[in-house]
1. Among the numbered criteria (1) closer than 24 Å to residue 165 by Cβ; (2) touching a residue at least 24 places away in the same chain (Cβ under 8 Å); (3) basic (Lys, Arg), which one does residue 50 miss?
2. Which members of the stretch 122-136 meet the condition of being of a type outside the set (S, T, N, Q) and either surrounded by fewer than 21 Cβ atoms within 10 Å (Cβ to Cβ) or in contact with a Ser or Thr (Cβ under 9 Å, 6 or more places away or on another chain) (or both)?
3. Please find, among 151, 80, 106, the residue that is crowded, with 18+ Cβ neighbours inside 10 Å and of a type outside the set (Asp, Glu).
4. Quick check: is even one residue across the stretch 92-102 over 18 Å from residue 170 (Cβ atoms) and either in contact (Cβ under 8 Å) with a residue 12 or more places away in the chain or open to solvent by less than 100 Å² (accessible area, probe 1.4 Å) (or both)?
5. Does residue 20 qualify as being part of a helix (DSSP H, G or I), among the small types (Gly, Ala, Ser) and modelled with pLDDT under 95?
6. Quick test for you: out of 53, 33, pick the one residue that is open to solvent by 50 Å² or more (accessible area, probe 1.4 Å) and more than 17 Å from the chain's Cα centre (by Cα).
7. If residue 197 satisfies every condition in (1) open to solvent by 20 Å² or more (accessible area, probe 1.4 Å); (2) of a type outside the set (S, T, N, Q); (3) at pLDDT below 90 but one, which is the exception?
8. Report, by residue number, each residue of the stretch 58-90 that is without any contact (Cβ under 8 Å) to a residue 12 or more places away in the chain and not polar (S, T, N, Q).
Amino acid sequence: MSTLTAVLILAVLLAALVAAGVLLRARTGADGGRRSLERRFGPEYDRTLRQHGGDRESAHRDLRERVERYDRIRPLPLEAAVREHYAAQWATLQERFVDAPGQALADADDLLTRIAASRGFPEPDRREEQLAALSVHHPRQVEGLRALRHAARTQAASTEEMRAALLRARDLFEELTAAGSPVAPRPAGRHRAPHLLKPKGSGA
């Protein structure tokens, strides 16, 4: 083999390696896909990173596995009458909060899991799977459901903490019951009616 031939072969191999590197960077990003995951998951990315003790590799693996498993879900549409029925149920539990905050949170949790199941997410008896699937499709609202469950099972939770949890969960409720595609982000507080959630004797 001549020196020229060897040089040409080496050049081709180097070009192939460079091309593979460029392709890899295009697929995952120079930071291992961190930016794309952050953009997709938003606050859910930070929560997952904390859950893994700051181990970015483990957090990324967790998020990618969720996407691979649940991104294929195509949420089923809701008929207008069904959406109205769910809206009436939410309004009722919101009004009940005045007299029974804890029960209102439990009812909201039950309603959200049933709505999610009706949209094609895992059934209510598979709560952790349902939560993981919701985090893929509604990463900016799913924390409201977690806050709701945390407040419901925390005996020391104040009425104000429970009220805040219910308000946060309403964001997910509205996403799940929106007609057609997911609704566009709203200005904070525009859709809320906190006066309905003031418990008796709160002085608020």
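1. It fails just one condition, (2).
2. The answer is 122, 123, 124, 125, 126, 127, 128, 129, 131, 132.
3. On the way: 80 fails: crowded, with 18+ Cβ neighbours inside 10 Å; 106 fails: crowded, with 18+ Cβ neighbours inside 10 Å.
Exactly one of 151, 80, 106 is crowded, with 18+ Cβ neighbours inside 10 Å and of a type outside the set (Asp, Glu), namely 151.
4. The answer is yes; a qualifying residue exists.
5. Yes, satisfied.
6. On the way: 33 fails: open to solvent by 50 Å² or more (accessible area, probe 1.4 Å).
Step by step, each of 53, 33 is checked, and only 53 is open to solvent by 50 Å² or more (accessible area, probe 1.4 Å) and more than 17 Å from the chain's Cα centre (by Cα).
7. The one condition residue 197 does not meet is (1).
8. Listed by number, the residues that qualify are 61, 65, 68, 72, 79, 81, 84, 85, 88.
The values are calculated or read from the model by the stated rules, or taken from the named source; none is laboratory data. Owing to the predicted nature of the structure, the values given are computational and were not obtained by experimental measurement. Heads up, the Cβs are rebuilt from the backbone with ideal geometry, glycines too, and the neighbour counts pull from every protein chain shown. What goes into the accessible areas is simple: the full protein's heavy atoms, side chains included, and nothing from ligands, DNA or RNA. Shrake-Rupley method; radii C 1.70, N 1.55, O 1.52, S 1.80 Å.
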